[in-house]
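So the structure is just underneath, and the comments pick up after that.
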């Protein structure tokens, strides 16, 4: 494939579709949203949601009342008003006007809260991972399939304008057959103020809690789930820091896919500031794409070619939440980051984690079962 076929007009086709809610003013009916879990992640999502047209945040809920109150203050500063709760079940029972919930609680709570919220008929934007075990993941998927509301999972990088445009370019055949993906996520350690981050039983370890984002992108690029995981990892620097730590501070993995493609990914938390960073590279028979940069290069030519990206300055959280609201308005039950894609992403992260701790290759069938 010659790069000369990809003119500026052609490249424009790979810009992400702008949600209709961003192109024009919404109808008069507001979508009333409640936030459950208003710590660091929930607050970041709240700051984005109050900017989405046609949305009214009407409730903030957290088991720590001060956090819920602080979130309500953010809503007030944005011109709205939110009731404060510490019990999400009471909130849903008493505040009947709630249409949708954004859930950003610790990983180990996801299964139970996802199911409870879906069962009462609310639309739900739930943070990843889906759950911490394959069995629990399947329970959430079944609940989503049977639910009245829309279910969307917080793999917001799928909505990042550059990554989204790059992925459309890949799927159009822009780099030919996908052969390999290479990724790194290198940084300092996790925030010490969040104890559950360091408890493997509560977060699933760092592949499931953090690495899952990039692994989801790579599997999306390849178009199918991996068939085998080989991995090695451990705690080499932050041994028992903080006290009781049971999660790794580094790992490397390789996924093999049924079409012959491979993923290799390195993720660690002890890098000096000058060595940190994230890379998401997809290599094909005709060229390679840098997902985060929204750029590509033909295999036999020099120089990166930038994809034309519409709304390149838009935040991934904002775009993902705006898409959620549009899905509610249009009744789209197949979001870009739906239950099934979240299941694949979570299972492959569990698959890699098992390979690390069991010191052996792990197959997809071992974790997926009948999923």
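The values are calculated or read from the model by the stated rules, or taken from the named source; none is laboratory data. Here the structure is a predicted model, which means the values were calculated and not measured. No Cβ is skipped: glycine too gets one built from the backbone with ideal geometry, and neighbour counts run over all protein chains shown.
Picking from residues in the stretch 333-362 that are outside any helix (DSSP H, G or I) and closer than 24 Å to residue 247 by Cβ, the one that is nearest to the chain's Cα centre (by Cα) is 362.
Considered as a group, the residues in the stretch 130-157 that are touching a residue at least 40 places away in the same chain (Cβ under 8 Å) and more than 28 Å from residue 201 (Cβ to Cβ) include one that is surrounded by the fewest Cβ atoms within 10 Å (Cβ to Cβ), and that residue is 149. Scan the stretch 320-327 and give yes if some residue there is surrounded by 21 or more Cβ atoms within 10 Å (Cβ to Cβ), over 21 Å from the mean Cα position of the chain (by Cα) and in contact (Cβ under 8 Å) with a residue 60 or more places away in the chain, otherwise no. No: the stretch 320-327 contains no residue that is surrounded by 21 or more Cβ atoms within 10 Å (Cβ to Cβ), over 21 Å from the mean Cα position of the chain (by Cα) and in contact (Cβ under 8 Å) with a residue 60 or more places away in the chain.
Conditions (1) under 21 Å from residue 173 (Cβ atoms); (2) in contact with a helix residue (DSSP H, G or I) (Cβ under 7 Å, 6 or more places away or on another chain), marked per residue:
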{"position": "261", "(1), (2)": "yes, yes"}
{"position": "264", "(1), (2)": "no, no"}
{"position": "271", "(1), (2)": "no, no"}
{"position": "276", "(1), (2)": "no, no"}
{"position": "280", "(1), (2)": "yes, yes"}
{"position": "285", "(1), (2)": "yes, no"}
{"position": "289", "(1), (2)": "yes, yes"}
{"position": "302", "(1), (2)": "no, no"}
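Of the residues making up the stretch 247-267, those that are surrounded by fewer than 21 Cβ atoms within 10 Å (Cβ to Cβ) and not in a loop (DSSP other than H, G, I, E, B) are 250, 252, 254, 256, 262, 264, 266.
In the set 293, 288, which member is crowded, with 16+ Cβ neighbours inside 10 Å, assigned by TED's automatic domain parsing to the domain that holds residue 232 and in a loop (DSSP other than H, G, I, E, B)? Selected residue: 293, the only one of 293, 288 that is crowded, with 16+ Cβ neighbours inside 10 Å, assigned by TED's automatic domain parsing to the domain that holds residue 232 and in a loop (DSSP other than H, G, I, E, B).
For every residue, the table says whether it meets (1) in the same structural domain as residue 242 (by TED's automatic domain parsing); (2) in a loop (DSSP other than H, G, I, E, B); (3) in contact with a strand residue (DSSP E or B) (Cβ under 8 Å, 6 or more places away or on another chain).
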| site | (1), (2), (3) |
| --- | --- |
| 149 | no, yes, yes |
| 166 | yes, no, yes |
| 169 | yes, no, yes |
| 191 | yes, yes, no |
| 208 | yes, no, no |
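Going by the structure shown, is residue 42 touching a strand residue (DSSP E or B) at 6+ places or on another chain (Cβ under 9 Å) and within 28 Å of residue 160 (Cβ to Cβ)? It is true that residue 42 is touching a strand residue (DSSP E or B) at 6+ places or on another chain (Cβ under 9 Å) and within 28 Å of residue 160 (Cβ to Cβ). Residues in the stretch 215-246 that are part of a loop (DSSP other than H, G, I, E, B) and closer than 30 Å to residue 174 by Cβ: 223, 224, 225, 226, 227. Residue 162 falls short on exactly one of the conditions (1) touching a strand residue (DSSP E or B) at 6+ places or on another chain (Cβ under 7 Å); (2) assigned by TED's automatic domain parsing to the domain that holds residue 359; (3) assigned to a helix (DSSP H, G or I), and that condition is (1).
Scanning for something within 30 Å of residue 248 (Cβ to Cβ) and assigned by TED's automatic domain parsing to the domain that holds residue 211, does the stretch 296-303 turn up at least one residue? The answer is no, given that none of the residues of the stretch 296-303 is within 30 Å of residue 248 (Cβ to Cβ) and assigned by TED's automatic domain parsing to the domain that holds residue 211.
Residues that are outside any helix (DSSP H, G or I) and either within 29 Å of residue 103 (Cβ to Cβ) or not assigned by TED's automatic domain parsing to the domain that holds residue 145 (or both): does the stretch 322-332 have at least one? Yes: the stretch 322-332 contains one or more residues that are outside any helix (DSSP H, G or I) and either within 29 Å of residue 103 (Cβ to Cβ) or not assigned by TED's automatic domain parsing to the domain that holds residue 145 (or both).
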